[in-house]
Each structure stands twice: as structure tokens, then as C-alpha cells.
Amino acid sequence: MTHAAPQTPSLETRDLTIRFGGHVAVNAVSCAFRPGELTVIVGPNGAGKTTYFNLISGQLKPSAGQVLKDGRDITRLAPSGRARAGIGRAFQLTNLFPQLSVLENIRLAVQARAGVGRQFLRRAAAHTELTRKAEGYLEATRLTGIAHQTAAALPHGDQRKLEVALLLAMEPDVFMFDEPTAGMSLDHAPDVLELIAEIKKDTRRTVLLVEHKMDVVRALADRIIVLHNGTLLADGKPDEIMNSDLVREVYLGKRGAA
């Protein structure tokens, strides 16, 4: 009998470590992430979750270890190079133009993804094609009705949806969401979670989510990894992690029984 070769992870960290002076914020974390899987990263405050995200997306340089994308070492790449390699990070985007409309923001992201400049846009057909694609992302993120409002005028929940639209427009295959419902009202949070659930349906995509709300974790996770004091404490299926006495003691506490 022949066996299929194991799938190369879309994203992998090997002994990823960062020290700030004498403090080890992320300590030799090795983890592989594959297409079709949504992994939620949990842990108490100060566990190193966002720092781990910053190491993956390139905002921080590791003290040791590697980040690999599709088996290629990208540890030395800047955030822009990692974005071109297919790593997309939402909810901490800096390329939101507050005085431009929702549609204009998305069209700029589509234009950046296509690698086109103003010369290209002088052709009416090219401009129309980019607008058509942008309108598709508007529809996918339920923003069509406010396409011509400025980004600055949007309520917080709609700004979050716009950030998802911008991420979709960049067409990554690894999606990273850092506490996507933070600061959102109970009315708006389900909209963003539904968008993430839609992204997850495409089995070519890999989704990483930092989250502390356990109802969100339960609703979305295929897998949970637990960080504690910068170290990978546990990695497994949601039921396994939720029922782990060690995880309950370190992180979930009494909430684990809820």
C-alpha cells in the first residue's frame, strides 16, 4: 500500500523565541498550521499570544528560531514581504484611510494586490475591473449599503468589517485575527464572527485567531493551542483542551466548567 506524503504546513514556527532583556516573552514555540484548519490561540494575559502573532507577521524579529511559509524560511522577511508571501493580518491594519470612502479603501487594497499603478488606471477598463472586484468584497463583508461613507464615519463594528474586507482583498492564504471582537457591541460581534466562519469554509485557507472569549473559541475552533508564560502548554482538539485539568488550572479556571 502506498501512503500519501504528509502535507507541507502552510505556516510553521520552529523554536520561535523572543527575549526582551531578561524576559523571555515567547519561549521556543514550535507549531505547524495547515490549510482547512482554524486554530485559536488562548492563554492568560501576558501569555505571549500577541507577541507570537507579531513574530509570525514580522512586526518583531525573533531572538532565535524560524518562521516558515509553505516550507520556505521567511524569518528575515519584513512584514510587507510576508504579506506578499500570503500571510494576512487583520484588526491591526495600518492601511485604513479614514477620509476615503469604504469602496475607495477596498479598491486601493485590490490595486495594491494587483501591483498596478496610476498609469494602469488610466485605462477605463482596468479601473472598472478593479472596482468590480472591490464591490465583490463589499458584498462579501455586507458593506454594500455604506460603500460611499468615509471610513472615519463608520461605527466600530463596521470598521472591523472593513478591515476584514481589506484583508480579503489582499488574497492571503493565511488569515490572522487578533481578538477580532474586542471593543465590539453584542449586536456587531456576530457579524464579524460570521465573516471569519465564511473565510474558514475555504479549505485552502489557514486561519489563526487570538481570542479570550470562550464562546467564540467554542464556536469557531478546530484546534486550540494554549500559551502560558510564552511557552506552548497544550495543543489539541477543543474538547480535549477544554477538559484538560492542567489547562483549567492555568487558564480557564472556574470558567472552564461554564
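Overview of values
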read-out	value
Sole exception among (1) among the acidic types (Asp, Glu); (2) farther than 30 Å from Ser10 by Cα; (3) modelled with pLDDT of 90 or more for Asp173, by number	(2)
Candidates Ala109, Ala125, Ala90 - the one that is surrounded by fewer than 19 Cβ atoms within 10 Å (Cβ to Cβ), aliphatic (A, V, I, L, M) and at pLDDT below 90	Ala125
Residue match in region 103-111 (condition: over 14 Å from the mean Cα position of the chain (by Cα) and in a loop (DSSP other than H, G, I, E, B))	no
Selection count, region 162-179, where residues are within 18 Å of Val102 (Cβ to Cβ) and not in a helix (DSSP H, G or I)	1
Within region 39-68, tally of residues that are assigned to a strand (DSSP E or B) and surrounded by fewer than 22 Cβ atoms within 10 Å (Cβ to Cβ)	5
Pair list, Cβ under 7 Å, 6 or more apart: region 160-176 residue without any contact (Cβ under 8 Å) to a residue 40 or more places away in the chain, other residue among the aromatic types (Phe, Trp, Tyr)	Leu168/Tyr137
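The values are calculated or read from the model by the stated rules, or taken from the named source; none is laboratory data. From a predicted model like this one, the values you see are computed outputs, not experimental measurements. Note that each Cβ is placed from the backbone with ideal geometry, even for glycine, and that neighbours are counted across all protein chains shown.
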